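Throughout, read-outs are computed from the coordinates displayed, never taken from laboratory work. Keep in mind that this is a model prediction, so the values were computed, not measured. Positions of Cβ are backbone-derived with ideal geometry, glycine not excepted, and every protein chain shown enters the neighbour counts.
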């Protein structure tokens, strides 16, 4: 714009009808001729012997070319947007009432993505408890928005057949293709480092299952983004023993080769299946109190950053630096939240006297912090665990509330803070409901089923109250902005090549 304005100013000056314009024009012409002569002489000195000048020019050209070939940014991942997805994992078991639509209603805006979960092999629907069957995706349809789906699938072990995976692929395809046409993420077998999952702490079999899963899913639904999402590295290996660990697994787990598996070993790499079979990288990140005590003390500022970059004091491995700068990959905080201990509100050590005191420290550090996302620009989704659940640490039951939209004071404070950064997040538009899904309640039918004729509602959360450990819950198309930056780099490169070729041609003609 600056150069364009300068050129316009020069042009208007040369077209001035003032009588002195001829003198100005002649001066300009004389100056231009002199400048061209000087430029030509300098070019000849640079391109014609002595040969050292030519060698210098070639060296400079090679350096410039090398610099331009270095991509200034990481290319975008499948289903990545320029803005961040703000996601919520609601609990449809909470009084049979909490749904994606209810979350949107409470917040007053459309949430970017919703997480739902199911098992594999797919458990049969239990008519008494409401557990089993496919995840209730129709609840997301009832928001009548373009929200993305993050489907978490928990294997019951390694007895997952190709048919099980093929059925899952068809289910995902029914979400991503018309008439639903949703953006779909699959988080398969998350938190694979821990024995609280039946597939956990067994990298050899996990890696084999993952690669088989990826091939089958992608063959059916290449538009689905597959998310590899380990648990936080804090306190890894979580007190787990290797007494029953196979020699093959021990070889992978003992990354520093000192003959044991400790917090000095890499908590991620033994389980990473490879760049060719991963689209997004996630992580579970929770705050449960200082040293995981069941007391309500707000987290210190910078806690969320310390989890991602390996400076929390319980791990030195930086998940973000290890995985989030990979070409064609994006990262997400795939489940997260701060635990308000409902049974510790009167404990003297509890300095956070209300849920608002504790939860505000969480979201201001992890969700509404511009500083956080500036430090970690490849975090393109953050998913909040909107549940209240009972967990057991050290054999003691503890009721924990991770919700930020439950009580009025906390909800209103969050909405006010979120509004200040809402432009950072993608807000989905509205879309009509397909005819087979009612605006509320479950679709017609006796049990949950796959679309296009979904039936039934899964009323029970997948996060059953089982022993938990620190601090996790135990129990493409590139955007235009990215394309423009890359094309600009190549444009400058080819422009330089053309410039030097042009100079050579001019000198030959002269």
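Taking every Cα-Cα distance in the stretch 305-422 and sorting them into 5 Å bins starting at zero, the pair-distance distribution P(r) comes out as 2, 10, 17, 20, 18, 16, 11, 5, 1, 0 percent.
A straight line joining the Cα centroids of the stretch 251-330 and the stretch 183-204 runs 14 Å.
Projected label points at residue 374 and residue 392, each 7 Å from Cα along the beta carbon direction, are separated by 4.6 nanometres. Counted by neighbouring Cβ atoms within 10 Å, the residues 241, 143 run from fewest to most as 241, 143. Per residue, the convex hull spanned by the Cα atoms of the stretch 85-475 amounts to 137 cubic angstrom. Footprinting exposure proxy ranking of 321, 365, 249, fewest other C-beta atoms within 10 angstrom first, gives 321, 249, 365. For 127, 199, 402, the sequence from fewest to most other C-beta atoms within 10 Å is 127, 199, 402. Taking 20 °C and 1.002 mPa s as conditions, the stretch 305-371 diffuses translationally at an estimated 150 µm²/s according to Stokes-Einstein applied to its Kirkwood radius (Cα pairs).
Spin-label model, residue 291/residue 351: points 7 Å from Cα along the beta carbon direction are separated by 1.5 nm.
At q = 0.15, 0.18, 0.24 Å⁻¹, what is the log10 ratio I(q)/I(0) for the stretch 267-353, with the Debye formula run over Cα points and no solvent? So the normalised log intensities are -0.66, -0.83, -1.19. Site pair residue 431 and residue 248 shows an inter-label distance of 4.1 nm when each label is modelled 7 Å from Cα along Cα→Cβ.
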